[in-house]
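Just below is one structure, and these are the notes that go with it.
The values are calculated or read from the model by the stated rules, or taken from the named source; none is laboratory data. No experiment lies behind these values; they were computed from the predicted model shown. Here the Cβ positions follow ideal geometry from the backbone for every residue, glycine too, while neighbour counts run over all protein chains shown. Only protein heavy atoms, including side chains, enter the accessible area calculation; ligands, DNA and RNA are left aside. Shrake-Rupley method; radii C 1.70, N 1.55, O 1.52, S 1.80 Å.
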Amino acid sequence: MVVTVSIVLISCETDNSIVVPEFSNGGKLAGALPLERKQIQMLNGIYDVIDGTDQFGKIVVVKQTGNTLSIFTGKNAGLVVFHCGKIDSSLIFEGYWRYTQGSESGLAQFEISAEDNGKSLLRGIPPTMSFQFRGVIGDASSEPTTKITLQYNRPISDTSFVILAHRGGGRNSDRLAESENSLGIIQLAESFGANGIEIDVRPTKDGVPILFHDENFSPRLVDGEYCVGPVSNYTFAAIRTLCTLKNGERVPTLREALDVVLNKTTLSVVWLDIKSPDVIAQAAEIQKEYKQKASSMGRTLDIYLGLATEELVARYKKEDLITSAGALCELSVNNVRDIKAKVWAPRWTLGPLPADAQQMRSEGRKTFVWTLDQREFILPFITGGNLDGILTNYPALVAFEYYAFH
Amino acid sequence: MMLLLFFLFSRSYSGDNRSDPYISYPRSFEENALHYSFGASITIFPRFVVEEEIRQIPMVNFTARYGLPSNVSLTLQISTVFITNVVSAGAMWSYRIGNVSLALTDDFSYWFGFADFEGFDTKTMGLMNRPGISAGIDIDAYKITAKTEMLVLLSQHTYFGSASVGRLKPEISGIVSSIILEQDVWKSTFMSFALRANYARPNYQVWLAFSVQDKWLLFPDLQISFLF
């Protein structure tokens, strides 16, 4: 009985351990100059795996992701994220790998020597079919020694598909280095394979739009023993005083989040998942303000007010936002037309709806489906869904499937 | 519910002198003996799997055991919470050493779930094998049983709209350890209290979460039943 009760108690625990190792003393990159994005971008492509099929499968996608270079493996939803630099004419790539749906991770270190395409890549000459991208990976924080060789196969043909990272980049349960709906996770989203994010917006007691998914504060999302119960019972100042997100970050405001999107990422889509009718009007004002800021910066940034319920749609209409704000509607296509939403976002559990999605496209709207996390479920949508985007907790997996398929 | 009240009433006041009912306790049944139970169970889902998306609603359970020759019993269990349903059928072979009863069990479980409401056009089904072993002791009419089962997922199919995916690869998907108490609680009203620890990958109880967690998680489960 004691054993059983113990097991029951243990089951209430959550595992939020972080599985992102780092090189001690900054690794080789500590003495390197940063690479320019266009130099990193030249490595984009689909590669055959010569050494490392046990870890990465037969093919991988290599893609510049903001200031980082990522490898999407497909196998075990694997991901490698490199920071990039150069020492003389040698290119250095250091970072970590992990299976995003599991707990395995380790250090990763790749290099392109000056003689082996390093000089030519720095001069802007893209890799040829004979190019090999080589390196080593390790387990956890141990010295990486497992050899990986990737053979360039073909370029990535289409990068316009929208891959949206759920809750700014992923959920706490996926043991990421930053908490869900935090400023930090938004800055990581691109390296995970996303070019857009979905974030959850709800109001505090004093009406400040913040990023927070659940209706209630609980140990699932926050630390702080005095933050318990409905979020709407707390003023913004109280929230900032009483609790932090699971990795110690402050609960961000919507403005702070969009500032990060604009100034620290190259993300092109933001889906504001509106959690309360009481925050629609303010969110619409902020949406307008940041779209103007993006425009003045020469950025292409689509920000959508996500409406998931009849109640939200009714408030959206009541606030007379149809003509001024861009909405993303999760309800029926008739609702989408009724409020002139720019995006239709059906739940994936309805299955692929290619005819409806095609109809939306012909009406000048986009179709995003949510929230797709399993490889076997993702494929039918990519191959026959007529979609413009997918919302996922595992952007690396969708990125692999989409780029490899196309 | 009316049926349950009727059975309760009849058991409590009819003066029935049949042998004390039990189902999980691994002592053998007499040939053609039949006992059954009605009850409810609730599984505590790992919060970080279901978050705020799934409400925890008790499942209604019906269990029956029928005695065959050679210390063998047939077992049947039906559990439902409307969108999730499980039917299990199997056999139990009992053996007695002194005051301790032992049993080997094996069940096949077919589970299916469906969701056909706003945002869902989904159904899923799976087949599981559940080999197990149990040991029990009878102390002053308190029948205490400890049982351990292995969950072997044989196949699973999910349909979503016009698409479907499935797999036939058998894999061990969990281990269930239970402690069950069967006793007369009041005037020949017999009840069963079971506390289970399901140590498993996200299981049929949370199919609607479509979790991709590859970790084994603990799903505590409490079941209370009336025995007849």
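Of all accessible surface on the protein assembly as shown at a 1.4 Å probe, what whole percent is carbon and sulfur?
Details: 15070 of 27230 Å².
Of the solvent-accessible surface of the protein assembly as shown, carbon and sulfur hold 55 percent.
Which angle from 0 to 90°, rounded to the nearest 10, does the C-alpha axis of helix B:2-13 make with the longest principal axis of chain B?
Once rounded, the angle reads 20 degrees.
For peptide A:341-354, compute the average count of partner chain beta-carbon atoms within 10 Å of each residue's beta-carbon.
Mean number of neighbouring Cβ atoms from other chains: 4.
Would you jot down the residues in the stretch B:156-195 that end up with at least 30 Å² less accessible area in the complete protein assembly than in the chain alone, with a 1.4 Å probe?
B:F160, B:V165, B:I179, B:L195
Going through the cross-link list A:K288/B:K215; A:K291/A:K318; A:K28/A:K293; A:K288/A:K366; A:K75/B:K147; A:K205/B:K123, which pairs have a Cα-Cα distance over 31 Å in this structure?
A:K288/B:K215; A:K28/A:K293; A:K75/B:K147; A:K205/B:K123
Place a +1 charge on the Cβ of each Lys and Arg in chain A and a -1 charge on the Cβ of each Asp and Glu, then give the dipole magnitude about the Cα centre in debye, rounded to the nearest 20.
960 debye
Please report, for the Cα atoms of chain A, the Rg to one decimal and the Dmax as a whole number; what are they, in angstrom?
So, for chain A, Rg and Dmax equal 22.0, 70 Å respectively.
Label points 7 Å out from Cα along the Cβ direction at A:I87 and A:N25: separation in nm?
In this crude label model, A:I87 to A:N25 measures out at 1.1 nm.
Along the positive direction of the dipole of chain B (beta-carbon charges: Lys, Arg +1; Asp, Glu -1; about the Cα centre), which of B:A115, B:M191, B:L208 reaches farthest?
B:M191
Taking every pair of alpha-carbon atoms in the stretch A:30-125, what share in percent sits in each 5 Å bin, from 0 to the bin with the longest distance?
Bin by bin from 0 Å, the calculated values are 3, 14, 23, 26, 18, 11, 5, 1.
Counting only protein heavy atoms and rolling a 1.4 Å probe, how much accessible area do A and B lose on contact, total for both sides, in Å² to 100?
About 2800 Å² of accessible surface is lost on pairing.
Summarise the partner chain shielding of B:205-213 as one whole number: the mean count of Cβ atoms from other chains within 10 Å of each residue's Cβ. Kindly include the intermediate steps, with their values, before the conclusion.
Details: counts 0, 0, 0, 1, 0, 7, 4, 13, 5.
Per residue, the number of nearby Cβ atoms from other chains is 3 on average.
Per-residue Cβ counts within 10 Å, from other chains only, averaged over B:19-26: what number is that?
0
Tell me, what is the 1.4 Å probe accessible area of A:R37, in Å² to the nearest 10?
Around 90 Å² of this residue is reachable by solvent.
By per-residue mean of other Cβ atoms within 10 Å, what is the highest-first order of A:365-372, A:136-143, B:73-80?
A:365-372, B:73-80, A:136-143
Return the whole-Å distance between the Cα centroid of the stretch A:116-194 and the Cα centroid of the stretch B:176-228.
43 Å
Counting helices only, and only those DSSP H runs with n ≥ 4, report the 222 nm mean residue ellipticity of chain A as the sum of -39,500 (n - 2.57) divided by its residues, in deg cm²/dmol to the nearest 500.
Values: 13 runs with 108 residues, N = 406.
Computed ellipticity for chain A at 222 nm equals -7500 deg cm²/dmol.
Roughly how many Å² is the accessible area per residue of chain A, as a whole number, for a 1.4 Å probe?
40 Å²
Heavy atoms only, 1.4 Å probe, whole protein assembly: order A:M360, A:M297, B:M125, A:M129 by accessible area, highest first.
From most accessible down to least: A:M129, A:M297, B:M125, A:M360.
Please give the per residue accessible area of the stretch B:146-190, computed with a probe of 1.4 Å over protein heavy atoms only, in Å².
48 Å²
Under 18 Å from the Cα of A:K147, which aspartates and glutamates turn up, not counting those fewer than eight places away in the same chain?
Once the sequence-local aspartates and glutamates are set aside, what remains near A:K147 is A:D48, A:D51, A:D54, A:E94, A:E104, A:E111, A:D116, A:D139.
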